[in-house]
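Notes follow once the structure below has been shown.
The values are calculated or read from the model by the stated rules, or taken from the named source; none is laboratory data. As the structure is a computational prediction, the values presented were derived from the model and not from experiment. FYI the Cβ positions are ideal-geometry reconstructions off the backbone, even for glycines, and counts take in every protein chain you see.
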Amino acid sequence: MVRGTALFFAPTSLFVLVYVALKLNLTLFGFVAAHLITNILLWMFYALLVSHMYAKISLRFDMVLWKKLLLDALPLGGSVMLRQLALQMDVLVLTWLSNLTIVGLFSGPYRISTALRIIPQALSTPLFPLFSRTAHYSRERFTEIYQLSVKFFLILSIPIAAFFVSWSGPILRTALGRKYLPAIPAMQVLGIGLIPFFLSTLFQYLFAALGEQKRFFVSTCTSSAVRLLLLLILIPTLGLIGPPIAFLCSEMMVVGIWVLQLDRLGFPSRFLHISWRPLLSGAVMCVLLFTFSETPPPALRGGIAIAAMLLYGSLLFASRALTSEEISHVREGISFISPFIEAWSKRLRRNP
């Protein structure tokens with residue numbers, strides 16, 4: 001509830017401040033000030049909340065503590081900054097090595113895939129406290145949660161990738177218009193790259209929970225350098241398709257490095273055992289979507305999409321991709337819905 005209040009407060013205040021900046025014609029300075037004031041207000045909100053609900057914390061100068069916190073934060077913070085920079089590297093290098101037409105075509109599917117990247121980032125953040133607690137008292141429990149998280153993010157990402165690969169044409173035509181249809185191959189490769197990207201969002205929290213931020217930083221630097229090298233090699237020869245291939249290869253490489261590093265630390269992922277059933281189910285789903293990729297009526301296409309998702313879920317269930325214990329965890333996770341449904345049903349019966 002507290003986090004929900006903060007998530008509502010921050011965008012609302014930002015919207016109001018940006019609106020005021022536009023009305024007062026404050027241009028770029030107004031936008032920067034709006035973001036700065038919003039962050040200050042959010043910090044004050046959290047400070048008041050902590051002091052009121054938990055403990056009063058006084059601000060003090062402690063250079064030794066600040067230095068320690070800064071040094072501890074640099075590897076992980078630097079890695080996150082590199083990851084964010086790498087997401088913008090594709091467009092920057094493509095702009096440098098090609099023309100505006102190719103950049104414009106690439107920006108269409110790139111914007112769509114970027115919007116979907118928020119999903120794993122939002123889902124992985126709440127897992128950090130769980131990773132942190134289990135990493136310190138039970139290696140077996142940490143390994144179990146690690147494997148379950150990888151499986152969940154894999155199962156979640158595969159149907160999204162299937163729609164990107166199979167229905168890239170209809171998606172681009174509907175969302176951006178026919179002029180973006182030459183970008184279909186780029187969107188298909190970006191869709192495949194979403195699978196390792198979804199998985200990659202977990203590892204910053206896994207390494208932070210284990211206190212292995214330096215390993216994470218070194219591997220992130222390596223993958224970013226490889227991505228830049230691939231961009232410089234592929235764009236002059238492949239043009240529009242170069243950045244998606246660089247994205248896919250670098251994400252696959254860095255996830256592979258992180259999986260191997262955790263395995264050497266004593267936390268095996270059992271990735272092949274976990275992944276083959278969801279990947280096979282996703283391939284069958286792709287076949288169905290490809291078969292009806294050019295079905296004109298939107299209503300029929302929506303029905304096919306639902307049927308494809310049901311087929312994917314049925315194949316996961318039939319292949320026993322989820323154990324009975326994991327299914328029970330999912331049921332517990334969604335059990336909060338039933339009280340709300342029951343409460344609203346009572347209200348409707350009371351007020352016909």
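If ASP62 satisfies all but one of (1) surrounded by 11 or more Cβ atoms within 10 Å (Cβ to Cβ); (2) free of Cβ contacts under 8 Å to residues at least 24 places away in the same chain, what's the number of the condition it fails?
Of the numbered conditions (1) surrounded by 11 or more Cβ atoms within 10 Å (Cβ to Cβ); (2) free of Cβ contacts under 8 Å to residues at least 24 places away in the same chain, the odd one out for ASP62 is (1).
Being among the hydrophobic types (A, V, I, L, M, F, W, C), more than 20 Å from MET253 (Cβ to Cβ) and not assigned by TED's automatic domain parsing to the domain that holds PRO268 narrows it down to one residue among ALA115, ALA73, ALA55; which is it?
Of ALA115, ALA73, ALA55, the one residue that is among the hydrophobic types (A, V, I, L, M, F, W, C), more than 20 Å from MET253 (Cβ to Cβ) and not assigned by TED's automatic domain parsing to the domain that holds PRO268 is ALA55.
Do we find that MET252 is touching a Phe, Trp or Tyr at 6+ places or on another chain (Cβ under 9 Å) and under 28 Å from THR323 (Cβ atoms) in this structure?
no
Among SER281, SER293, which is the only one that is at pLDDT below 90 and of a type in the set (Ser, Thr, Tyr)?
On inspection, the qualifying residue turns out to be SER293.
Of these, LEU74, LEU123, LEU41, LEU97, which one is touching a Pro at 6+ places or on another chain (Cβ under 7 Å) and surrounded by 13 or more Cβ atoms within 10 Å (Cβ to Cβ)?
LEU97
Which one of ILE160, ILE155, ILE102 is among the aliphatic types (A, V, I, L, M), at pLDDT 90 or above and either buried (at least 20 other Cβ atoms within 10 Å of the Cβ) or not assigned by TED's automatic domain parsing to the domain that holds VAL259 (or both)?
Every option except ILE155 fails the conditions.
Take the range 285-297 and flag every residue that is out of contact with any Leu (no Cβ under 9 Å at 6 or more places or on another chain) and in contact (Cβ under 8 Å) with a residue 24 or more places away in the chain.
The answer is CYS286, LEU289, PHE290, SER293, GLU294.
In the list ARG178, ARG173, which residue meets the criterion of being among the charged types (D, E, K, R), over 30 Å from LEU265 (Cα atoms), in the same structural domain as LEU87 (by TED's automatic domain parsing) and in contact with a helix residue (DSSP H, G or I) (Cβ under 7 Å, 6 or more places away or on another chain)?
Answer to the selection: ARG173.
Conditions first: (1) without any contact (Cβ under 8 Å) to a residue 60 or more places away in the chain; (2) in contact with a helix residue (DSSP H, G or I) (Cβ under 7 Å, 6 or more places away or on another chain). LEU22 passes all but one, so which condition is the exception?
That leaves (2) as the condition not met.
Could you run through the range 220-248 and say how many residues are free of Cβ contacts under 8 Å to residues at least 12 places away in the same chain and either farther than 20 Å from PRO75 by Cα or crowded, with 20+ Cβ neighbours inside 10 Å (or both)?
Going through the range 220-248 one residue at a time, the tally reaches 4.
Looking at ALA73, ALA6, ALA10, ALA34, which is the one that is under 25 Å from ARG117 (Cβ atoms), among the small types (Gly, Ala, Ser), within 27 Å of the chain's Cα centre (by Cα) and modelled with pLDDT of 85 or more?
Exactly one of ALA73, ALA6, ALA10, ALA34 is under 25 Å from ARG117 (Cβ atoms), among the small types (Gly, Ala, Ser), within 27 Å of the chain's Cα centre (by Cα) and modelled with pLDDT of 85 or more, namely ALA34.
Please specify each residue of the range 210-246 satisfying the condition of being in contact with a Gly (Cβ under 7 Å, 6 or more places away or on another chain) and either hydrophobic (A, V, I, L, M, F, W, C) or not in a helix (DSSP H, G or I) (or both).
PHE217, LEU231, LEU234, ILE235
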